[in-house]
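Trainee: Could you have a look at this structure, given as C-alpha cells, before my questions?
The values are calculated or read from the model by the stated rules, or taken from the named source; none is laboratory data. Since the model is a prediction, treat every value here as computed from it, not as a measurement. Don't worry about glycine lacking a Cβ; one is built from the backbone with ideal geometry, like all the others, and counts go over all protein chains shown. Note: areas computed on protein heavy atoms with side chains; ligands, DNA, RNA excluded. Shrake-Rupley method; radii C 1.70, N 1.55, O 1.52, S 1.80 Å.
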Amino acid sequence: MSATLELPTRRREAWRWSDMDALQAAANMPAGDPGADPAALFLDIEGPRLLFVDGMFEPAHSRPDGVAVSPFEAASDHPLGALASGEGWTLTLENGAARGDIQIVHVSTGGENHVPARILLGEDATASVIETYAGRGWANRLCQIGLKRGARLMRSVRLLQREGFVSIRDEADVAEAASLVSVFLGVGGMGSRIDGAITLAGPGAYGEMGGALLTRGEQRQEAAVVMRHAQPEGTSRQIWRAVAADRSTASLAARAEVVRHAQKTDGEQSLRGLLLDRTATVNLKPELEIFADDVQCAHGATVGELDKQALFYLESRGLPETRARGLLTRAFVADAIDRIGEETVREAFLEDAAAWLGEAL
Amino acid sequence: MLKIENLHAEIDGKEILKGLSLEVATGEIHAIMGPNGAGKSTLGYVLGGRDGYEVTQGSVTFDGQDLLELAPYERAAAGLFLGFQYPVEIPGISNVQFLREALNSQRRARDEAPLSGAEFLKLARAQADALGMHQDMLKRPVNVGFSGGEKKRNEMVQMGILAPKFAILDETDSGLDIDALKAVGDGINRIMRAPDKSVLLITHYQRLLDYVQPDKVHVLADGRIVRSGGPELAQELEREGYGELAA
Ligand SMILES: Nc1ncnc2c1ncn2[C@@H]1O[C@H](COP(=O)(O)OP(=O)(O)OP(=O)(O)O)[C@@H](O)[C@H]1O
Ligand SMILES: [Mg+2]
C-alpha cells in the first residue's frame, strides 16, 4: 500500500465501527487466484458489459457500448473516495435517453486497486447499472452520480469477494423529480465499507440507498449513508438489513438531514439486524437532523433473533429447522433486496443471499 | 393411532402437564374441553415438538412410533398436523411458497416425488375454494393482515393441502362468524372424517361439535384428563360448566 496513505482512525465517529486493519491486510495481499470466473459473474441479460481486473479495463471481455473508459482525477473529500483516481468509467446519457442493464464486473487478484466512476444522466434519462465485485485484495471505488431533472437511475451492487476488502463511496446529486435507487448486497467473505452521500438537490427528488449485509466468521461489513434533503418535497428511503453469524459484525449507520426550507420531506429509515448467533454483533445507528418543521420522517432500528413462534410454525408444517431458519432469514433480507426493480437482477441477488444462507445456517 | 401415557411436561421448570393419559383410535374424532390455562395448548405444542416444552415423564406413541423421539418436521412428515390457536404471521413469505416447501419437504421425507409448481397450485386453489378462502390470499404473506377468522380458515386450507393422518386443532372455532364456523366444520369433516384419520379437537364450545360430531369428549383440567365420555358430556359441560371437575 502507498506509504503516504492515511486511513481514517476509529477515533472519528463516522469510522468507529470500521475495520481498517482488514483493509490494510487486503491491500497487502500478494496476487493469487481470484477464485472467480469473470464470465460467470455477468448476469444473463442484454446490455453493455465492462470487466475490470485489478482495476484495469479488459476490452477483450467487455462490450462497453457507449460507456466511456478513460483515466480521470477524482475530486472527493472522502478519505477513501479521494484515492480512486486513474482509469475509470463514465456513463453519460443525453436528455431523454435510456440505457438498461449496464453490467460492471470487478475482479481482484490481490493488492489494491482504485477505480473512479461517473454516472451523468440528462433530463428524463433512465439507466440501470449492476455491479459485481469478486476475487480478493482491496477494491476501492468512487462513484459520482449526477441526475438531472426527471432522470432515473437504478443501481444494484453485489459484493461477492471471497476475501479482502471492498470499499465503495457513492456521491450523488439528485435534481428535481429525479430518482436514484441504490441497493447493495454484501454476501462475500470480504470486509466492506459502503459509504454514501446523497443530496436531494431539487424539489420532489427521490433518493434511496439500502441493502443487506450478511456476515459470518470474523468478518466485518458496514454501511454509512448520509441522505441530505436540500429542497422541499423530497422523499428518501434507507432500508437496510444486517444478518450476522458466528463472531462477525455488521454495522449500519444511516443519517437523514433536512435543511430548514426542505418542507414536506418524507423520509424513512428502517435498520434491522438479525443475529444468527449470540456471539455475533449488529450495530445500528439511525440519525435524524431536521431543521424544517413540516416533515415526516419514520425511523426504526431493531436487532433481534429469529422469531421462535414463526420457526416452530414452519417446522410444524414439515420444514426441517435449517430450512425454516433459511426461509425466515431470506424473508428478512428480501425486505431490502426487493427494492431492486428488475426481476432478473432481484432474483440473482436473492439467490446470492440464499446461497450464503445455505452455507451459514 | 395416538396413545399418550402418563405425560408430564414442563415449561421453564414449571410443570403444566401432570400425568395426562389419552388414547385416540384410528378413524375417531375426540374433543378436549377444559378451563383456561388447563394445559390444552401445551398438549398441542408438546405433541408438535416445540422447543422449550420439556417432557419429564411418560410416553407418546403415534402409529406405533415413539413420537417424542422425532423432530417437529419428522412428526409432520409422519402425518401429524397442529392447527394453531394463534396462527403466526410471517412477513416476506407467501402462503404458496411456504406451503409448497412444506408439502414437498414432507413428501421428500416420505420418499415421495415433490410436486411441481403447477401441480401444487392446482391443489392449493382447490383447497382454498373448498374453504371459501379467496385465491389472492394464497399469494399474500402467511397470515399477515389476515383477520382472526381468515387465519383459522387458512389453517384449514393448510390442513387440506398437507392431508395429515392426525390433526390436533386448537380452538380452530374461536373467533369465527357463523358462516366461517360452518365452512371450517365442513372442512374438518371433508378432510379428516375418514376411516384412516383421526382428530383431536380442542374447543370451548358445543357449536363446533354440532358440525363435527365427536366420538369421545374429554375434560382436561390442571394438566390431566379428569373425565371422559360421549358427545353428551359436551352438552352437560355447556349447561353446567366445569364446576368441581376443574377444582
Ligand atoms: N412460556 C410459558 N412459560 C410459563 N408458563 C406458561 C408458558 N406458556 C404457557 N404457560 C402456562 O401454562 C398453563 C397452560 O397454558 P395453555 O396455553 O396450555 O392453556 P390452555 O388450556 O390452552 O388455555 P386456553 O383455554 O386459555 O387457551 C397456563 O397456566 C399458562 O400460563
Ligand atoms: Mg389454549
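Trainee: Would you check if there is a residue in the range B:98-107 being more than 9 Å from chain A (Cβ to nearest Cβ) and touching a residue at least 40 places away in the same chain (Cβ under 8 Å)?
Mentor: no
Trainee: In this structure, does B:Asp222 turn out to be in contact with a Lys or Arg (Cβ under 9 Å, 6 or more places away or on another chain), within 16 Å of ligand 2 (Cβ to nearest atom) and away from chain A (no Cβ under 14 Å)? Walk me through it before giving the result.
Mentor: Values: in contact with a Lys or Arg (Cβ under 9 Å, 6 or more places away or on another chain): yes; within 16 Å of ligand 2 (Cβ to nearest atom): yes; away from chain A (no Cβ under 14 Å): yes.
Judged against the criteria, B:Asp222 is a match.
Trainee: A further question follows. Can you report the number of residues in the range B:55-87 which are touching a residue at least 12 places away in the same chain (Cβ under 8 Å) and more than 18 Å from B:Leu169 (Cα to Cα)?
Mentor: 12
Trainee: Moving on. Return only the number of the condition from (1) within 27 Å of A:Ala254 (Cβ to Cβ); (2) surrounded by fewer than 17 Cβ atoms within 10 Å (Cβ to Cβ) that A:Ala74 does not satisfy.
Mentor: Tallying (1) within 27 Å of A:Ala254 (Cβ to Cβ); (2) surrounded by fewer than 17 Cβ atoms within 10 Å (Cβ to Cβ), A:Ala74 fails exactly one: (2).
Trainee: Scan the range B:1-57 for residues that are within 15 Å of ligand 1 (Cβ to nearest atom), within 17 Å of B:Val226 (Cβ to Cβ) and open to solvent by 50 Å² or more (accessible area, probe 1.4 Å) and jot them down.
Mentor: Within the range B:1-57, B:Glu15, B:Lys18, B:Asn36, B:Gly37 meet the criteria.
Trainee: Follow-up question, since we're still on this one. Within the range A:229-241, count every residue that is surrounded by fewer than 23 Cβ atoms within 10 Å (Cβ to Cβ) and under 25 Å from A:Arg330 (Cβ atoms). Working first, answer last.
Mentor: Of all residues in the range A:229-241, those surrounded by fewer than 23 Cβ atoms within 10 Å (Cβ to Cβ) come to A:230-233, A:235, A:237, A:239.
Still in the running and under 25 Å from A:Arg330 (Cβ atoms): A:237, A:239.
Total meeting the criteria: 2.
Trainee: Let me ask something additional. Checking A:Gly202 against (1) open to solvent by less than 10 Å² (accessible area, probe 1.4 Å); (2) part of a strand (DSSP E or B), which single condition isn't satisfied?
Mentor: (2)
Trainee: Going by what's in this entry, would A:Leu43 be described as open to solvent by less than 40 Å² (accessible area, probe 1.4 Å) and either free of Cβ contacts under 8 Å to residues at least 60 places away in the same chain or not in a loop (DSSP other than H, G, I, E, B) (or both)?
Mentor: no
Trainee: From the residues in the range B:69-88 that are more than 8 Å from every other protein chain (Cβ to nearest Cβ) and out of contact with any Leu (no Cβ under 8 Å at 6 or more places or on another chain), which one is nearest to B:Leu2 (Cα to Cα)?
Mentor: For the range B:69-88, the residue satisfying everything is B:Gly79.
Trainee: Right, next: At least 1 residues that are within 16 Å of ligand 1 (Cβ to nearest atom), open to solvent by less than 60 Å² (accessible area, probe 1.4 Å) and over 16 Å from B:Tyr86 (Cβ atoms) in each: list the strands (runs of 3 or more DSSP E) lying fully within the range B:145-247 that qualify.
Mentor: The strands (runs of 3 or more DSSP E) meeting that bar are B:198-202, B:216-221, B:224-229.
Trainee: Let me ask something else about it. Just one of A:Arg11, A:Arg63 is modelled with pLDDT under 95 and either surrounded by fewer than 18 Cβ atoms within 10 Å (Cβ to Cβ) or closer than 19 Å to A:Gly191 by Cβ (or both); which is it?
Mentor: Of the residues listed, the single one that is modelled with pLDDT under 95 and either surrounded by fewer than 18 Cβ atoms within 10 Å (Cβ to Cβ) or closer than 19 Å to A:Gly191 by Cβ (or both) is A:Arg11.
Trainee: In this structure, does A:His78 turn out to be more than 25 Å from A:Gly196 (Cβ to Cβ) and in contact with a strand residue (DSSP E or B) (Cβ under 6 Å, 6 or more places away or on another chain)?
Mentor: For A:His78, the condition - more than 25 Å from A:Gly196 (Cβ to Cβ) and in contact with a strand residue (DSSP E or B) (Cβ under 6 Å, 6 or more places away or on another chain) - is not met.
Trainee: So, one more: With respect to B:Tyr53, determine if the residue is within 27 Å of B:Gly145 (Cβ to Cβ), within 14 Å of another protein chain (Cβ to nearest Cβ) and of a type in the set (Ser, Thr, Tyr).
Mentor: For B:Tyr53, the condition - within 27 Å of B:Gly145 (Cβ to Cβ), within 14 Å of another protein chain (Cβ to nearest Cβ) and of a type in the set (Ser, Thr, Tyr) - is not met.
Trainee: For the range A:174-189, enumerate the residues that are crowded, with 21+ Cβ neighbours inside 10 Å and part of a strand (DSSP E or B).
Mentor: Across the range A:174-189, the qualifying residues are A:Val174, A:Leu180, A:Ser182, A:Val183, A:Phe184, A:Leu185, A:Gly186.
Trainee: Could you please find all residues in the range A:81-133 being under 19 Å from A:Leu180 (Cα atoms), acidic (Asp, Glu) and part of a strand (DSSP E or B)?
Mentor: A:Asp101, A:Glu131
Trainee: Is it true that B:Val46 is under 25 Å from A:Tyr313 (Cβ atoms) and within 16 Å of ligand 2 (Cβ to nearest atom)?
Mentor: yes
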